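First the structure, in the form of structure tokens, and then the observations on it.
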Amino acid sequence: MSSIAERLRTVRDRIDRAAEAVGRRPGEVRLVAVSKLQPVEAIREAYAAGVRDFGENYVQELVRKSELLADLEDLRFHLIGHLQTNKAKAIATRVSVVHSLDSVRLVEELGKRLGAVPVPEGRRWSAANGGGFSPSAALAVLIEVNVGGESQKSGCPPEAAAEVLAAIQGQSSLRAVGLMTVPPFFDDPDRSLPYFERLSRLRDEIADRTLLPELSMGMTLDLEQAIRAGATIVRVGTAIFGERPAREAT
Ligand SMILES: *Cc1c(COP(=O)(O)O)cnc(C)c1O
């Protein structure tokens, strides 16, 4: 079996080639390594190979890992799974980017509960460390959009994205930086492309690109299609860490 460092090289290669194929600079596309359900040793291995951005789905797991990895001060966690507002305080000082805001209610609750808790300087997603923005103490957030309209998936309907954006702009503890989506699953990744294009068009419909620069889309199977449609962040788990262990009942 190949090591995490070797698999990372393959993933970065895929990203670079996909960007070049559509005339984009490879540096425009950033990798979030999705480490959910993987042990902290795997995160340390990826960190040693240069990864700084890690995606986690479950707040409790993220909090536990952030404590075990507190020595890695420039490691950034991205919350990519659903957020319950009663966990807002727990994420405030541990998370650099939340990808999964999908309702006005959630935005208002999160904004209110975060209040004046600033994101620690070293963990801010900013132009200085790979993000595209001026540093700010407000938490960087993306609006999750359910572009496939699947009833079992989280994410707001495309028609509601503008309203969620306005709600974020009304919260001083949050700053909107882009849109995120998980398209319906297909064995053939080319079938994801129209959904990624839909997210990109939606972004242009509701905001200026300088206001919402990020499109978080594309995973192990379909990162090429996402990059073709304009992804600036791809979230890749399996191709880096291998198959995920099953989630234990909690
Ligand atoms: C698990 C997960 C990923 C990573 O999926 P892989 O297919 O393992 O690359 C990306 N995004 C979200 C929202 C996830 O839940």
Sorted from largest down, give the three principal axis spans of the alpha carbons of the chain, whole angstrom values.
48, 40, 39
Distance between Cα centroids, segment 44-104 to segment 171-242: provide it in whole Å.
19 Å
Eligible aspartates and glutamates near K87 by straight Cα distance, threshold 13 Å, same-chain separation 8 or greater:
E61, E109
For 210-223, 82-95, ranked highest to lowest by mean beta-carbon neighbours within 10 Å, the order is 210-223, 82-95
Give the calculated FRET efficiency between A48 and A160 to the nearest 0.05, with a Förster radius of 41 Å applied to their Cβ-Cβ distance.
0.50
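Rounded to the nearest 20 debye, what is the charge dipole size of segment 1-80 about its Cα centre when +1 sits on each Lys and Arg Cβ and -1 on each Asp and Glu Cβ? Could you put the intermediate results ahead of the total?
Details: 14 positive and 14 negative charges, 67 e Å.
It works out to roughly 320 debye.
Could you pull out every whole DSSP H run in the chain that spans at least 18 Å of Cα extent along its own axis and averages -1.0 or higher on the Kyte-Doolittle scale? Numbers along the way, then the final one.
On the way: long enough: 4-21 (25 Å, -0.72); 193-206 (20 Å, -0.64).
Helices passing the filter in the chain: 4-21, 193-206.
Laboratory data are not the source of any read-out in this text; all were calculated from the coordinates shown. Bear in mind the structure is a predicted one, so any value in this text is a computation, not a measurement. Every residue, glycine among them, receives a Cβ derived from its backbone with ideal geometry; neighbour counts consider all protein chains shown.
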